[in-house]
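What follows is calculated from the coordinates using simple rules that are stated; it is not laboratory data. Source: prediction; values computed, not measured. Reconstructed Cβ throughout: ideal geometry from the backbone, glycine too, with neighbour counts over all protein chains shown.
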Amino acid sequence: MSRTKPDLSRKPRRSKCDDGDDPYTSREGKAQQHVSVQIVVANDEGAFHAYAPALKGLHVDGATQEEAVENVKEAIAVYLESLHKHGDPLPEGPGLVIQRINVPNGASLQNITMQWPSLSLSGIS
């Protein structure tokens, strides 16, 4: 199945918070809002298809898995910027989580996701 690759040649602008602060710069003592978005990357007839289930219509592809992940990151940034620009709420749910986290000045926030081998081992029934 072949998908048309969206035009992502334009890097998304980093939008400013309502108070004029840059949301991508952390400072001591101030909580920052972070959005985690789950993505799915699948092999697609020699290429890779990536999408974010929580963001309706967001589908991209890439020649490699890494390219598909980079493309979906850029598409998510554009999608979220568009929601903000139009005053639309974030579609918060299992695939999109909003967190307020204190990140010390000079530190970065990283997420690590690992697949767990069994639901029975996780305490979820």
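Values as computed for the structure displayed
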quantity: Pair SER118, GLU70: separation of 7 Å Cα→Cβ label points (nm); calculated: 4.0 nm
quantity: Built amide H within the under 5 Å cut-off of ASP61, gap 5+; calculated: ALA50
quantity: Shape call, the stretch 31-122: gyration tensor on alpha carbons, a/c limit 1.5; calculated: oblate
quantity: Sites matching trypsin sites (Lys or Arg not before Pro) across the stretch 50-125 that sit in DSSP coil, with at most 15 neighbouring C-beta atoms within 10 Å; calculated: LYS56
quantity: Pairwise label distance in nanometres, GLU81 with GLU45, each label 7 Å out on the Cα-Cβ vector; calculated: 3.2 nm
quantity: In sequence order, calculated HN-Hα J values of the stretch 83-94 (Karplus, 6.51, -1.76, 1.60; Hz; x Gly/Pro); calculated: 4, 4, 4, 8, x, 8, x, 6, x, 5, x, x
